[in-house]
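As structure tokens, the structure follows; a few thoughts come after it.
The values are calculated or read from the model by the stated rules, or taken from the named source; none is laboratory data. Every value quoted in this text rests on a predicted model; they were computed, and no experiment measured them. So basically every Cβ, Gly included, is an ideal-geometry build from the backbone, and we count neighbours across all protein chains shown. Note: areas computed on protein heavy atoms with side chains; ligands, DNA, RNA excluded. Shrake-Rupley method; radii C 1.70, N 1.55, O 1.52, S 1.80 Å.
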Amino acid sequence: MSETPVDSSKRTWIITSACAGAVGGVAAAVPFVSTFQPSEKAKAAGAAVEVDISALQPGEMKTVEWRGKPVWVLRRTKQQLEELSTLNSELADPNSERVGFPTPEYAKNEWRSIKPEFSVLVGICTHLGCSPTSKFTPGPQPSLPDDWKGGFFCPCHGSTFDLAGRVFKNKPAPDNLEVPPHMYLSDTKLLIGEDKKA
């Protein structure tokens, strides 16, 4: 049997067709594979956010976004932690028992957190949704009591919160600041929006 030589133009046509088919296959696969990643809409709707807290020094706060809301991660100093227990008589809900913004079980303590040093709070006032400002410096200041120990002040209607996000008595805000679901992936990584313990 003798072999029939392949026409070079036929060979070029076969190679070109195979390449075009491969490119078409990849083009069809890319949109399909990309659907496995959470979209920006899904992230805004509640996808968990990973936060690196390794560089956060005592007394510093970092703000991240989760579900379109600001979430504060505050690393409290030893003095700030010690002062939290002295405020209970001045607070509307010191033990986080109200159900307006339920506090996760692991944050039902005087620090309202998993680790006393780190506070994780949604930075939105429970009154009408304004964003309070940080007022960490203790002492007399405009719109704050003379014995201010440090915390958060809502400029819209004057609600004040301690460094655990607990609201003071006789303020417009009806509840403590929300503690979002969160967990520690390691000593330096925090995951906000997901909680395997709950």
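With the requirement that a residue be of a type in the set (D, E, K, R) and surrounded by 18 or more Cβ atoms within 10 Å (Cβ to Cβ), what does the stretch 111-134 give you?
R112
Please go through the stretch 149-161 and pick out each residue that is open to solvent by 10 Å² or more (accessible area, probe 1.4 Å) and either charged (D, E, K, R) or touching a strand residue (DSSP E or B) at 6+ places or on another chain (Cβ under 8 Å) (or both).
If the condition is that a residue be open to solvent by 10 Å² or more (accessible area, probe 1.4 Å) and either charged (D, E, K, R) or touching a strand residue (DSSP E or B) at 6+ places or on another chain (Cβ under 8 Å) (or both), then K149, F153, P155 are the ones that fit.
I'm checking my understanding of the structure. Among residues of the stretch 60-74 that are outside any strand (DSSP E or B) and surrounded by 14 or more Cβ atoms within 10 Å (Cβ to Cβ), which one is modelled with the highest pLDDT?
Among those that are outside any strand (DSSP E or B) and surrounded by 14 or more Cβ atoms within 10 Å (Cβ to Cβ), it is E60.
Report every pair of residues separated by at least 6 positions or lying on different chains whose Cβ atoms are under 9 Å apart, first residue within the stretch 81-100 and without any contact (Cβ under 8 Å) to a residue 24 or more places away in the chain, second surrounded by fewer than 16 Cβ atoms within 10 Å (Cβ to Cβ) and in a helix (DSSP H, G or I).
Partner pairs satisfying both residue conditions: N95/N88.
Being among the small types (G, A, S) and touching a residue at least 60 places away in the same chain (Cβ under 8 Å) is the filter here, so list the residues in the stretch 179-198 that pass it.
Across the stretch 179-198, the qualifying residues are G193, A198.
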